[in-house]
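The values are calculated or read from the model by the stated rules, or taken from the named source; none is laboratory data. Only a predicted model underlies this, so the values are computations on that prediction, with no experimental measurement involved. Virtual Cβ from ideal backbone geometry, glycine too; neighbours counted across all protein chains shown. Calculation scope for accessible area: heavy atoms of the full protein, side chains included, ligands and nucleic acids excluded. Shrake-Rupley method; radii C 1.70, N 1.55, O 1.52, S 1.80 Å.
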Amino acid sequence: MKIYFLIIIFFVLTGEQLGYSQPISVRTQKQQRQAFIEQLQNMNLQLLQDESSIQKNLWQISAFNCYGKREKKYLRKLMSMYHTFSPELQYQLLTAVACTTIPGKNKWLREVMNIGNSKQKCLAYSLLRKENLEVDCLNLNDESWNSILGDIHVADYKFELHKELLNDLPSFLKAQFPEQIHLIVLLRQDRNIPAKVYVWRNEEGWNQEFFVYLARAASDILPYFSNGNTPCGVFKIKERAESKNEFIGPTPILVTVLPFESSPLEWEANNQSWDKNIYSFFLPERWRGIPLLWQTYSAGQVGRKDIIVHGSTISPLFFENFSFFPLTPSLGCLSALELWNAYDGSRIESHQQRLIDCLSALNRKLGLMYVIQVDEETYKLGFN
């Protein structure tokens, strides 16, 4: 907490010298934030039949870390009613329960493995494995989810690249995509550790400055799942845009797309539909056999979408007890370090704006975004 306020004081005192524009987010003003906290405290947790109200409650509980006794009691009640809900609400309940401890949770997850659809069964299986519990591997009828289940079973998602493998990327980008500008995201398997985002320019190499983001979902579920952690692998950077989401705020965003979310033609591949050969074209040769770097392909194949690079107006104080504080998680997008003045709602600091400014100054065509899990030494060294 003390460090957070020292950071704020620093940027309040130096913001003018840094030359930042200061857009306003009314939501970040002290009175607005207090009113929102009171709204969360007064959530109607007695509504158990109206699915839209339940969905809103579950989103608020998960997104703003509202896991008090009252909320956990509500979740336990919903867990007992699981079989009566729509598949969409069943899945949302699973994601809300994922990152908290509730009596009977593991027994309930085993029940979901028997009665849920392929996506729900796979998620329940992954949550049990996360607790290092012995679980029989399922055999799903859905080929795509069965493949993801296999990756989870052998813990491919824990793999971390070392520096020597990472060094394959610069020469690959120069040879294959020389006219574009690319983003390289280095992160750790522990998604509580902030990600480092670098800009690659083929003529000049790495921008030595990196930008700080969180690639962790509020639910902290695996990247294959909707609203899970940011997948590793390759994204296409589609465009710069403005968000209407008040929790993202006024800072411009970068829209990215996964394989299957858009046509290979949008990736400038001469094909109408996706297959593994097309995706492998975007990976250096030695990377093509690393399952971790196929997460974007697998996630897109089962319907994941809408992953963006954005700022945040969410109060960091919701997550003050997490090691990534003062960053805030989202629904699995890349969420930037942004700080706001509680008195007038002006922006104090934004790594999202810094990134946008860097890309604008280069005035080059947007290319690809590589999200890569690396070991500790490689993470510390970065591209310096």
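Could you check how many residues of the range 104-136 are at pLDDT below 95 and buried (at least 22 other Cβ atoms within 10 Å of the Cβ)? Summing the residues that are at pLDDT below 95 and buried (at least 22 other Cβ atoms within 10 Å of the Cβ) in the range 104-136 gives 0. Of the strands (runs of 3 or more DSSP E) entirely within the range 186-287, those holding at least 2 residues that are of a type in the set (Lys, Arg) occupy 195-201, 233-241. Here Leu258 passes the criteria (1) under 30 Å from Thr328 (Cβ atoms); (2) out of contact with any Asp or Glu (no Cβ under 8 Å at 6 or more places or on another chain); (3) among the aliphatic types (A, V, I, L, M); (4) open to solvent by 10 Å² or more (accessible area, probe 1.4 Å) except the one numbered (4). A residue that is at pLDDT 95 or above, under 30 Å from Asp136 (Cα atoms) and within 26 Å of the chain's Cα centre (by Cα) occurs somewhere in the range 46-60. Of the listed requirements (1) touching a residue at least 24 places away in the same chain (Cβ under 8 Å); (2) part of a helix (DSSP H, G or I), Ala361 misses just one: (1). Residues that are crowded, with 22+ Cβ neighbours inside 10 Å and closer than 28 Å to Cys122 by Cα are absent from the range 240-253 altogether. A count restricted to the range 63-78 and to residues that are open to solvent by 20 Å² or more (accessible area, probe 1.4 Å) and within 17 Å of Glu51 (Cβ to Cβ) stands at 1.
The single residue among Ser280, Ser263 that is more than 26 Å from Phe159 (Cα to Cα) and open to solvent by less than 70 Å² (accessible area, probe 1.4 Å) turns out to be Ser263. Among all residues of the range 61-79, there is at least one that is part of a helix (DSSP H, G or I), more than 24 Å from the chain's Cα centre (by Cα) and more than 23 Å from Phe318 (Cβ to Cβ). For Lys174, indicate whether it is assigned to a strand (DSSP E or B), open to solvent by 10 Å² or more (accessible area, probe 1.4 Å) and either modelled with pLDDT under 95 or not β-branched (Val, Ile, Thr) (or both). Here the answer is no, as Lys174 does not meet what is asked.
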